[in-house]
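First comes the structure, then the notes that go with it.
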Amino acid sequence: QVHLVESGGGLVQPGGSLRLSCAVSGSAVNDYIMAWYRQAPGKVRELVADIINGGHSNIRDSVKGRFTISTDSATNTVSLHMDRLQPEDTAVYLCNAKKAYFSANNHWGQGTQVTVSS
């Protein structure tokens, strides 16, 4: 069974940086499409970034140039590197894993809170 555990969230000042990590157990991280979603209070959940089998990645336009996604096969983790954070980046960030875009199996972590405030 695939199990995902996010970490690295917290309080950061505008313009600051933060790295989120998602530890994957039960499968190899590079065997999956890994993704980071976020959901702010009163707003719909949105896809932030994904990475396909540890290779090609896709970044949401609103964070492109500030956020990057990567996997580390040695530690079996997927990370989201966030630079120049803004208050509108405040949200619960969730890790997701699936075998394919149309896969019926969708695995979620519990989420980690990111708060950007002065």
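The values are calculated or read from the model by the stated rules, or taken from the named source; none is laboratory data. Quick caveat, the model's predicted, so the values are computed rather than measured. As a convention, Cβ positions derive from the backbone with ideal geometry for all residues, glycine included, and neighbour counts pool all protein chains shown. Heads up: the accessible areas ignore ligands, DNA and RNA and are worked out on the full protein's heavy atoms, side chains in. Shrake-Rupley method; radii C 1.70, N 1.55, O 1.52, S 1.80 Å.
Look at the dipole of the range 4-95 built from charges on Cβ: of V92, G65, P14, the Cα furthest out on the positive end belongs to P14. One chain, two ends: S103 and D31. Fully extended at 0.36 nm per residue, the span grows by 24.6 nm beyond their Cα-Cα distance. With viscosity 1.002 mPa s and temperature 20 °C, the Kirkwood radius over alpha carbon pairs of the range 61-117 converts through Stokes-Einstein to a diffusion coefficient of 162 µm²/s. Assuming a viscosity of 0.692 mPa s and a temperature of 37 °C, what translational diffusion coefficient in µm² per second does Stokes-Einstein assign to the chain, Rh being the Kirkwood radius over Cα pairs? After rounding, the answer is 233 µm²/s. Sorting E6, E46 by accessible area puts them as E46, E6; the probe is 1.4 Å, largest comes first, and only protein heavy atoms count. Shape of the range 15-73 from the C-alpha gyration tensor: prolate (a/c of 1.5 or more and a/b above b/c, with a ≥ b ≥ c the square roots of its eigenvalues).
Accessible surface ranking for D61, D31, 1.4 angstrom probe, highest first: D61, D31. Counting only Cβ charges, +1 for Lys and Arg and -1 for Asp and Glu, the dipole size of the chain around its Cα centre is about 140 debye. Can you pull out the chymotrypsin sites (Phe, Trp or Tyr not before Pro) in the range 7-103 that DSSP calls coil and that have at most 11 other Cβ atoms within 10 Å? Loop-located and lightly packed - Y101, F102.
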